[in-house]
Amino acid sequence: MRPELLSALAALTTGIYVLTVREGERRHGMSSSWATQVSGDPPLLGVAVDRAHLTHGVIERTRRFALNVVGAKAKHVEDYFYSAAGARPDNLAPLAWEDGPTGLPLLLDAMAALECHVVTAHGAGSHTLFVAAIEHVTWRGADRPLTSQDLEYVYVGGVVKRS
């Protein structure tokens, strides 16, 4: 990637989230910064997930995910998913979580969690853009959402350290 393009993409401010999924008794999560609201009526979210990631296959098969909003007070959650331990298939085991009303795992340290079902999916280069309707919201309290500008690295299709 050209340096000026990399710098421009790294300057885009994005929220820091954890997508959690469930397939049978298996629960998994991944750090995600490519998520946004895409419609107000009805309220819809869009999340871009790398096709090579374990979470992608689970969302494709189950058509469901939870978007956990990471607050500044819970930066340790993002740090965990950025670490090698976060890449394991059973990666929710060390974290505090509970099953939400729809059965999806919700992180207890997240400031909010939105349980969603996919209404459409679109190929987008190396990723799939899943557009989803919100089934249930869990609000755990006020915090400032963590953003990509709070981190020493940024994801632009690969993780890049800030200089």
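Since every read-out is calculated from the coordinates, none of them should be taken as a lab result. All figures in this text were calculated on a predicted structure; none of them were measured in a lab. Quick reminder, even Gly has a Cβ in these numbers, built from the backbone with ideal geometry, and neighbours come from all protein chains shown.
Condition first: part of a loop (DSSP other than H, G, I, E, B), more than 18 Å from Lys73 (Cα to Cα) and among the hydrophobic types (A, V, I, L, M, F, W, C). Now tell me which residues in segment 135-163 satisfy that.
Result: Val156, single match.
Residue-by-condition table, conditions (1) among the small types (Gly, Ala, Ser); (2) closer than 26 Å to Gly24 by Cβ:
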| residue | (1), (2) |
| --- | --- |
| Asp90 | no, yes |
| Leu95 | no, yes |
| Gly100 | yes, yes |
| Leu104 | no, yes |
| Leu114 | no, yes |
| Val118 | no, yes |
| His122 | no, no |
| Leu129 | no, yes |
| Lys161 | no, no |
Next item on the list: Out of the residues in segment 135-163 that are surrounded by fewer than 16 Cβ atoms within 10 Å (Cβ to Cβ) and of a type in the set (Ser, Thr, Tyr), state the one that is farthest from Ser32 (Cα to Cα).
Entry: Ser163
Check: Mind checking which residues of segment 1-35 are among the polar types (S, T, N, Q) and either outside any strand (DSSP E or B) or loosely packed, with under 11 Cβ neighbours inside 10 Å (or both)?
Finding: Ser7, Thr13, Thr14, Ser33
Notebook entry, point to check: Out of all the residues in segment 8-48, which are under 15 Å from the mean Cα position of the chain (by Cα) and without any contact (Cβ under 8 Å) to a residue 40 or more places away in the chain?
Noted result: Ser32, Ala35, Thr36, Gln37
